[in-house]
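The values are calculated or read from the model by the stated rules, or taken from the named source; none is laboratory data. A quick note: this is a predicted structure, and the numbers were derived from the prediction, not measured. Counting neighbours? That spans all protein chains shown, and the Cβs are built from the backbone with ideal geometry, glycine included.
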Amino acid sequence: MEHGDDLVLLSDGVTAAIADGRFLEILQSAPITLYVLQDDVDARGLAGQIADSVGRVSYTDFVRLTVKHAGQLAW
């Protein structure tokens, strides 16, 4: 990943954004902006556990980010 990239964690991937977690530390060492899909966080009951440094996005925000990075999608 490169400077200016955005990473949206989806589904069970949102667990990587749990505060003080091993995966969060790794992700935050990259020059990226990190987001979680809020509906997936809520569905897993993790609302109070996600690090404050991680952005929370709605489906509408997710679509905006998808358009912004149309050529850079990875699943």
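Brief remarks follow.
- Restricting attention to the range 34-54 and to residues that are of a type outside the set (Asp, Glu) and not in a loop (DSSP other than H, G, I, E, B), the residue that is farthest from the chain's Cα centre (by Cα) turns out to be 43.
- Residue count for the range 24-33 satisfying the condition of being over 16 Å from residue 65 (Cβ atoms), surrounded by fewer than 16 Cβ atoms within 10 Å (Cβ to Cβ) and under 12 Å from the mean Cα position of the chain (by Cα): 1.
- In the range 3-12 there is no residue matching the filter, namely being part of a loop (DSSP other than H, G, I, E, B), loosely packed, with under 12 Cβ neighbours inside 10 Å and at pLDDT 95 or above.
- Restricting the range 51-75 to residues that are in contact with a strand residue (DSSP E or B) (Cβ under 9 Å, 6 or more places away or on another chain) and at pLDDT below 95, the residue that is surrounded by the fewest Cβ atoms within 10 Å (Cβ to Cβ): 68
- Any chance residue 41 is modelled with pLDDT under 95 and of a type in the set (Val, Ile, Thr): no
- Checked against (1) in contact with a strand residue (DSSP E or B) (Cβ under 9 Å, 6 or more places away or on another chain); (2) surrounded by fewer than 17 Cβ atoms within 10 Å (Cβ to Cβ), residue 48 meets all criteria but (1).
- The residue pairs whose first member lies in the range 2-14 and is touching a residue at least 40 places away in the same chain (Cβ under 8 Å) and more than 11 Å from residue 41 (Cβ to Cβ), whose second member is surrounded by 10 or more Cβ atoms within 10 Å (Cβ to Cβ) and aromatic (Phe, Trp, Tyr), and whose beta carbons are closer than 7 Å, counting only pairs six or more residues apart or on different chains, are 6/35; 8/35; 8/62.
- Test: residue 16 is small (Gly, Ala, Ser) and either crowded, with 16+ Cβ neighbours inside 10 Å or part of a strand (DSSP E or B) (or both): yes
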